[in-house]
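The values are calculated or read from the model by the stated rules, or taken from the named source; none is laboratory data. A quick note: this is a predicted structure, and the numbers were derived from the prediction, not measured. As a convention, Cβ positions derive from the backbone with ideal geometry for all residues, glycine included, and neighbour counts pool all protein chains shown. Accessible surface areas use protein heavy atoms only, side chains included; no ligands, DNA or RNA. Shrake-Rupley method; radii C 1.70, N 1.55, O 1.52, S 1.80 Å.
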Amino acid sequence: MAVFVYAENINGVYKKAAFEAVSFAKAVADQAGDTVTAVSVNPTDSSDLLYKYGASNIINIKDEGLKNFSAKAYAQAVSEVANGNIIVFPHTTDASSIAPMLAVMNGYSLITNVLEAPESLSPFQVKRKAFSGKGFMHAKAEGTGVIVTVSQNAFGVKENAVSGSEEVKNLSVANEDTKVISHEQSSGKLDLKEAEIVVSAGRGLKGPENWGMIEDLANVLGAATACSKPVSDIGWRPHTEHVGQTGKAIAPNLYIAVGISGAIQHLAGVNSSKTIVVINSDPEAPFFKSADYGVVGDSFQIIPALTEKIKALKG
Amino acid sequence: MKILVCISSVPDTTSKINFTADKSAFDKNGIQWVINPLDEFALTKAIKLQESQGATVTVINVGDAVTEPVIRKALAIGANDAVRVNLDPKDSFSTAKEIAAVVQNGGYDLILCGKESIDYNGGSVPGMVAQLLNQPFVNASVGLDVNGSKATAVREIEGGKETISVKLPAVIAGQKGLVDEKDLIIPNMRGIMSARTKPLQVVEPASSEVKVQGVSYDSVPPRAAVKMVSPDNLDELVRLLHEEAKVI
Ligand SMILES: Cc1cc2nc3c(=O)[nH]c(=O)nc-3n(C[C@H](O)[C@H](O)[C@H](O)COP(=O)(O)OP(=O)(O)OC[C@H]3O[C@@H](n4cnc5c(N)ncnc54)[C@H](O)[C@@H]3O)c2cc1C
């Protein structure tokens, strides 16, 4: 039962989500008594990075035509080299765009948002997130071929070094339907979905001019920043920072919520966080019921003080 | 131009999610159904194209008769007509197949979807429809313009945005940003009245192949009781995060 995994890279550099997907694939392969083959499109990173997490074969697709992303062309390319019964993807934006197309192309079952190693291999059954994090589903695949996408920060990155070898495949996949016109990447910003720590703020902050202290706290923690929905609706922060049921679902190790009430729709996207800290002036704020640690007080005093104390801890 | 908007009927966002006693299914008791919030962005975008380019907008839902109020709401928002495929969908693939079958008979130039539905969070139907129709697919779209047989879509990427030119027909899956939240259309009385007489065609499913089954469901276990820390003792909070939770 050959296990394949899509090792996503950005501009040639593997994402943390790729290492997590390889870690997951290795767990599946161990269950199946087989090995992991990783597939990557135009990587520049060293293959050693994938051996480290358990991929023993690596197929590097080289294709100038795939310099720019196209879900359809990438699905085509992956399908040409990944002929396993199980193909693992991370649940990133790009990978979760390719996976459904590939599933149809190969006639495979597709199970997305997977949280844990499979409960059984035949039939293939696995636990996944559902109802925007308000519940879990145990999903069973019909038939033999299965594609899964692994929810980010759920399974974790697990070192499991193997010795491996790399193969380069030159492809030239037709990519005529879509053309990238421009590409803007804000450099230096931590990817919210990959971040281990997220500092998030809501309408309690009163205005966009007060986000400096949130960014300062995030900086000392090496964290990404996020916000509640009304904050991005009013335009205080970009849409990309909106977390919750209708925004991004995240699962960092630490989520610090400042001036956020904890409405059910907000919780839905963040309650998979391992540790939750809530800072709110209202002792009745519903968020305290879903928190591990709470502080009742004014964020305008608490956040700068907390930032100083963490800075001191980090020396 | 003919636009098809795929809408899903989902539990409203305030719903507490419960499962049946034997955990084999989602418990639909007492649930209010709404248009999947991400689909509303797609629907509003379609109505804007209807206004600016004279497009016709058809909504499609794969669902049993229980979903008709949600379809009527989409008509009240401004869609011209609707198709319901009479099947309580069991997985993303069966849903996608039904939508693709309707598209094949209808000749649509643009298929708009929400990026994922907030119930089963498959995020799979749009990409599957695109592949079944052999059309290009842009996911996580936060901007869209149509110009003749071409569209320009903006998609969200990790840490940025990408602008793409797409040949039509194509499948675009949207989210907030495709239109602004403030531009979402709330149906008025006239819309609601006219929705009652707009055509809603019910078609029987073309196939019933299922690829994934929900075997059982669990609720999220409750968190341990919150530990409150005094705002005058933030050293204690830092200690707890460092020594107890070990997250900093
Ligand atoms: C269809 C739909 C989908 C939705 N999806 C989402 C979603 O994905 N994500 C999301 O976040 N929301 C979502 N919502 C909105 C959600 O219901 C809440 O309205 C929202 O989460 C509230 O945001 P907030 O907590 O920032 O603001 P508020 O509810 O205004 O709360 C602000 C909080 O800040 C506190 N505060 C005020 N001043 C201070 C101070 N100085 N220091 C500390 N605390 C202070 C207040 O006590 C209050 O608790 C959705 C709603 C709907 C209808």
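Observations on the structure shown:
- Search result, residues across segment A:124-134 that are within 9 Å of chain B (Cβ to nearest Cβ) and on the phi < 0 side of the Ramachandran plot: A:Q125, A:K127, A:R128, A:K129, A:A130, A:K134
- The lone exception for B:D119 - which of (1) open to solvent by 10 Å² or more (accessible area, probe 1.4 Å); (2) away from the ligand (no atom under 16 Å from the Cβ); (3) within 14 Å of chain A (Cβ to nearest Cβ) it fails: (2)
- Selection within segment B:229-248 - farther than 19 Å from A:N253 by Cα and either touching a residue at least 24 places away in the same chain (Cβ under 8 Å) or within 7 Å of chain A (Cβ to nearest Cβ) (or both): B:V229, B:P231, B:L234, B:D235
- At least 2 residues being crowded, with 24+ Cβ neighbours inside 10 Å is the threshold, and among the strands (runs of 3 or more DSSP E) wholly inside segment A:1-109 those reaching it are A:3-6, A:36-41, A:86-90.
- Top-ranked residue of segment A:249-266 - restricted to ones that are small (G, A, S) and within 6 Å of the ligand (Cβ to nearest atom), ranked as least open to solvent (accessible area, probe 1.4 Å): A:G259
- Top-ranked residue in segment A:298-311 [being surrounded by 19 or more Cβ atoms within 10 Å (Cβ to Cβ) and within 10 Å of the ligand (Cβ to nearest atom); ranked as nearest to the chain's Cα centre (by Cα)]: A:I303
- Cβ-Cβ contacts under 9 Å between residues 6 or more apart (or on different chains), taken from a first residue in segment A:16-28 that is polar (S, T, N, Q) to a second residue that is open to solvent by 10 Å² or more (accessible area, probe 1.4 Å), are listed as A:S23/A:Y53; A:S23/A:F155; A:S23/A:G156; A:S23/A:V157; A:S23/A:K158; A:S23/A:E159; A:S23/A:N160.
- Residues in segment A:270-296 that are more than 28 Å from A:F131 (Cα to Cα) and crowded, with 18+ Cβ neighbours inside 10 Å were compared, and the one that is farthest from the other protein chains (Cβ to nearest Cβ) is A:V296.
- Residues that are open to solvent by 10 Å² or more (accessible area, probe 1.4 Å), among the aliphatic types (A, V, I, L, M) and part of a strand (DSSP E or B), drawn from segment A:110-153: A:L110, A:L121, A:M137
- Test: residue in segment B:67-89 that is within 14 Å of another protein chain (Cβ to nearest Cβ), in a helix (DSSP H, G or I) and under 30 Å from A:H91 (Cβ atoms): no
- Considering only residues in segment A:188-239 that are under 24 Å from B:Q175 (Cβ atoms) and in a strand (DSSP E or B), the one that is farthest from the ligand (Cβ to nearest atom) turns out to be A:A224.
- Against the conditions (1) under 15 Å from A:S200 (Cβ atoms); (2) part of a loop (DSSP other than H, G, I, E, B), A:I303 satisfies every one except (2).
- There is no residue in segment B:149-160 that is among the hydroxyl-bearing types (S, T, Y), assigned to a loop (DSSP other than H, G, I, E, B), at negative phi and more than 28 Å from the chain's Cα centre (by Cα).
- So B:T20, is it over 28 Å from A:K140 (Cβ atoms) and β-branched (V, I, T): no
- Among residues that are surrounded by 22 or more Cβ atoms within 10 Å (Cβ to Cβ) and closer than 28 Å to A:A249 by Cβ, B:D12 is not included.
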